[in-house]
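Report on the structure given below.
Derivation of every value follows stated rules applied to the coordinates shown; laboratory data play no part. Computed from a predicted model, the values in this text were never measured in an experiment. Please note: Cβ atoms are built from the backbone with ideal geometry, for glycine as well, and neighbour counts cover all protein chains shown.
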């Protein structure tokens with residue numbers, strides 16, 4: 001699957017769909033603890049770890 005905007009190739013259609021959001025600046029996965037948002041839920045899950053880490 002190839003992105004019509006930049007030509008990047010993907011093995012799965014779903015990965016192309018997520019990638020295309022970056023061209024449209026769509027970020028539907030929103031952090032509830034800060035104003036950040038992400039194009040896919042896996043990025044949000046990784047980001048949320050900074051909020052759950054204990055600070056000294």
Q. Among 38-45, 20-27, 7-14, how do they line up from the highest to the lowest mean number of other beta-carbon atoms within 10 Å?
A. 38-45, 20-27, 7-14
Q: With only alpha-carbon atoms counted, please give the Rg and Dmax of the chain, in Å.
A: 14.1, 47
**Q.** Taking the chain and dividing mean pair separation by its residue count, relative contact order in percent (alpha carbons under 8 Å, at least six apart)
**A.** 21 percent
Q | Ellipticity estimate at 222 nm from DSSP helix runs (n ≥ 4, -39,500 (n - 2.57)) divided over the chain, nearest 500 | A | -13500 deg cm²/dmol
